[in-house]
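K.L.:
Take a look at this one; I'll ask things after.
What follows draws every value from the coordinates through simple rules; no lab data is involved. Note that the structure is a prediction, hence the values are computed from the model and not measured. All Cβ positions, glycine included, derive from the backbone under ideal geometry; neighbour counts span all protein chains shown.
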């Protein structure tokens, strides 16, 4: 695209909005009388504040929550953009439904005022999170000004063991290189372990690029990508599909491409990971212990602060820490393969007494698919609540919470202080690790429950 | 957008690394579709004694009389990581902050600052630590002056420190330019692009 001095000026192929941050972008445009350019390439979903209890309406437990939904709906209708509303069959978390509908395609520029937009880079798109003002910019002009980011290639090489997956890869990366390890970079995930991941696992890996402070995470599109996209609602069909495919096959980085930074991680010995602190970089093997400050990869002050918040001691064995709650869902791990993985662990078992457990499918389609496979019955029989789709308890919007000081093992992306509610202590892990922990009532190594 | 040229203000040190936007403003504090009135939610999990309460914790830096009118925040590495919520910047601005000085910023937060006329200034970690130390430990006058045109930071405790900042960011802040206007002025340049791109990548255009 056109460029001169300063930032490049790039065309934006898809803009996604949600009721939390998109609402204010739409209102900002309306106040200034700026029309949307490219309404047919603009989409909006209701995911962030919407209630997930069965039989939901526009009402939410969050004070003022209803206003976000109704004003987003009104603004989306007025602007003439496609809205995946509360009761729409295709409603769901933006980064789950965009690929599911075939809206995220290789080579596209995709933005959304949501940091986890990098998820969609897994199809080989350039997808990144922006603020609400930048969203207004993209909507009003169909473009954004962007400095070309530095590049980083992260290779995961080797073979993943049983019950070790994309979530564990990402936590390993962030714990080894820090939460700022990819700051501002366009990250390409590569290597034999990435090639072997199915599409849904690739979304999980790219989703966590923002926890590494990357501007985006992406994976070169290949046959796994193409077979995932073929036939999806908004994906090209027929002759256009063939032309698109030929184009997409040219998108991968050249064999000799130079990156500003290269990282390589051997995954043969990787174990299921879990966080112990209040940043995604505070992670270690589920078989490990809470690290001493010297092994924590963080400053003494951050280490002390994190352990005080988490009520843990250095040297404490993680796989014996008692929990109060378990959460499965989110744009990180709320897809059908995530629910299948957890259901395999839960099948025929019950969660430990006193544990509150929730499963919130990432989209309404995921929910229907899970119900068609009988997974909902497994979750319910085990003692999980079975919900409508949405972001739910990935973050605390002021409505539902797990309780002050409660400890939760969660398949989400952020273990920040207060992220899941005031004082709530979050341990991030894979859906299988969450399921195993719910059954045993403490942080658990799923491999002790399940043979491969 | 209000131009940013020079600023003299009290600098409040909060040198924690990886301060996320959930900490800057918890989601529960975003109660309406508005950019206004967010100051009360700023650092709500840290500045009040209990969750959901409004009883100030006297230990938190912004609750100390010396820093209650701060206009500059001295922050830690990777400030503003996590959620893209622009409410983090709106809350800081609503509280009176016009500049944040840190060793580094998370990228979305950085851009959100600039889009709201808030200077996000990167200085070496040791420099930020020395500034904080002078203000907190040596009880130096906490006022700092930022001259964006000359790219200089000065204060009693520090003397004059030269800094450099991205030329486009500097210009936009100095002149209070709205980036949307910059793009809107060029939109006709796009016609030829769209015409060609529709032929080359028809699958993009729904």
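K.L.:
Per q in 0.11, 0.15, 0.16 Å⁻¹, report the Debye log10 I(q)/I(0) for segment A:273-449, using one uniform scatterer on each alpha carbon and no solvent.
P.N.:
-0.41, -0.76, -0.86
K.L.:
Given only helices, namely DSSP H runs of n ≥ 4 each adding -39500 (n - 2.57), what is the per-residue ellipticity at 222 nm of chain A, to the nearest 500 deg cm²/dmol? Numbers along the way, then the final one.
P.N.:
On the way: 16 runs with 143 residues, N = 452.
Helix contribution divided over all residues of chain A: -9000 deg cm²/dmol.
K.L.:
Can I ask one more? Give me the Å³ per residue figure for the convex hull around the C-alpha atoms of segment B:6-177.
P.N.:
104 Å³
K.L.:
Modelling each spin label as a point 7 Å along the Cα-to-Cβ direction, I'd like the residue B:40/residue A:61 distance in nm, to one decimal.
P.N.:
The modelled label-to-label distance comes out at 2.3 nm.
K.L.:
Pick from B:178, B:59, B:189: which residue has the top mean-square fluctuation in a GNM of chain B where Cα pairs under 10 Å get a spring?
P.N.:
B:189
K.L.:
Would you mind computing the Rg to Rh ratio of segment B:68-170 from its alpha-carbon coordinates, Kirkwood style for Rh?
P.N.:
On the way: Rg = 13.2 Å, Rh = 14.0 Å.
Ratio value, two decimals: 0.94.
K.L.:
Sort A:272-278, A:93-99, A:177-183 by the packing proxy (mean of other Cβ within 10 Å over each peptide's residues), most packed first.
P.N.:
On the way: A:272-278: 26.1, A:93-99: 29.7, A:177-183: 22.9.
Packing proxy ranking, top to bottom: A:93-99, A:272-278, A:177-183.
K.L.:
Right, here's the next one. Taking a quarter of the surface of the Cα convex hull of segment A:1-118, what do you get in nm²? Please report the intermediate quantities before stating the final value.
P.N.:
Details: hull surface 34.7 nm².
The number I arrive at for segment A:1-118 is 8.7 nm².
K.L.:
Further question: If you restrict to DSSP beta bridges whose two residues both lie in chain B, what percentage is antiparallel, to the nearest 5? Could the numbers behind the result be given before it?
P.N.:
On the way: 14 of 27 bridges.
Counting DSSP beta bridges with both partners in chain B, the antiparallel share is about 50 percent.
K.L.:
Going by how many other beta carbons lie within 10 Å of each one, how would you line up A:57, A:42, fewest first?
P.N.:
A:57, A:42
K.L.:
Here is a follow-up. For the peptides B:8-21, A:251-264, what is the packing order when you average, over each peptide's residues, the other Cβ atoms within 10 Å and list the highest mean first?
P.N.:
Details: B:8-21: 22.1, A:251-264: 11.6.
Highest to lowest by the protection proxy: B:8-21, A:251-264.
K.L.:
What FRET efficiency do you get for residue A:313 and residue B:53 if R0 is 30 Å and r is their Cβ-Cβ distance, rounded to the nearest 0.05? Mind showing how you got there, number by number?
P.N.:
Values: r = 28 Å, r/R0 = 0.95.
FRET efficiency, residue A:313 to residue B:53: 0.60.
K.L.:
Continuing with the same structure: Roughly what angle does helix B:190-200 make with the longest principal axis of chain B, taking Cα atoms, 0 to 90 degrees, to the nearest 10?
P.N.:
It is inclined by approximately 70 degrees.
K.L.:
With 10 angstrom as the radius, rank A:321, A:154 by how many other C-beta atoms surround their C-beta, starting from the fewest. Let's see the in-between values first.
P.N.:
On the way: A:321 21, A:154 28.
Exposure proxy ranking, most exposed first: A:321, A:154.
K.L.:
With springs only between Cα atoms under 10 Å apart, run a GNM on chain B and tell me which of B:119, B:136, B:177 wobbles the most.
P.N.:
With Cα springs under 10 Å in chain B, the top fluctuation among B:119, B:136, B:177 is at B:136.
K.L.:
Grab the Cα-Cα distance for residue B:68 and residue B:150, subtract it from 0.36 nm times how many residues apart they are, and report the gain in nm with one decimal.
P.N.:
Values: separation 82, 0.36 × 82 = 29.52 nm, distance 2.81 nm.
Extra length available between residue B:68 and residue B:150 comes to 26.7 nm.
K.L.:
Also, quick follow-up: Quickly rank A:404-413, B:40-49 as a protection proxy: mean count of other C-beta atoms within 10 Å, highest first. Could you put the intermediate results ahead of the total?
P.N.:
Numbers: A:404-413: 23.6, B:40-49: 19.4.
Ranked from most to least packed, the peptides come out as A:404-413, B:40-49.
K.L.:
7 Å from Cα along Cα→Cβ at both residue A:222 and residue A:451: what's the point-to-point distance in nm?
P.N.:
About 3.1 nm, to one decimal.
K.L.:
So what is the 222 nm mean residue ellipticity for chain B from helices alone, if each DSSP H run of at least 4 adds -39500 (n - 2.57) and you divide by all residues, rounding to the nearest 500 deg cm²/dmol?
P.N.:
Values: 8 runs with 64 residues, N = 206.
After summing the helix terms and dividing by the residues of chain B, the value is -8500 deg cm²/dmol.
K.L.:
Can you work out the FRET efficiency for the pair residue A:251 and residue A:404, with r the C-beta to C-beta distance and R0 = 41 Å, to the nearest 0.05? Walk me through the numbers before you get to the answer.
P.N.:
Values: r = 48 Å, r/R0 = 1.18.
Approximately 0.25, to the nearest 0.05.
K.L.:
Taking a point 7 angstrom from the Cα of residue A:151 along the C-beta vector, which residues in segment A:166-194 have backbone N less than 18 Å away?
P.N.:
A:182-192
K.L.:
What fraction of the DSSP beta bridges in segment A:273-449 is antiparallel, stated in percent and rounded to the nearest 5?
P.N.:
Bridges in segment A:273-449 are about 25 percent antiparallel.
K.L.:
Which distance in nm do the two modelled labels at residue A:380 and residue B:199 give, with both placed 7 Å along the Cα-to-Cβ direction?
P.N.:
Label at residue A:380, label at residue B:199, 5.8 nm between them.
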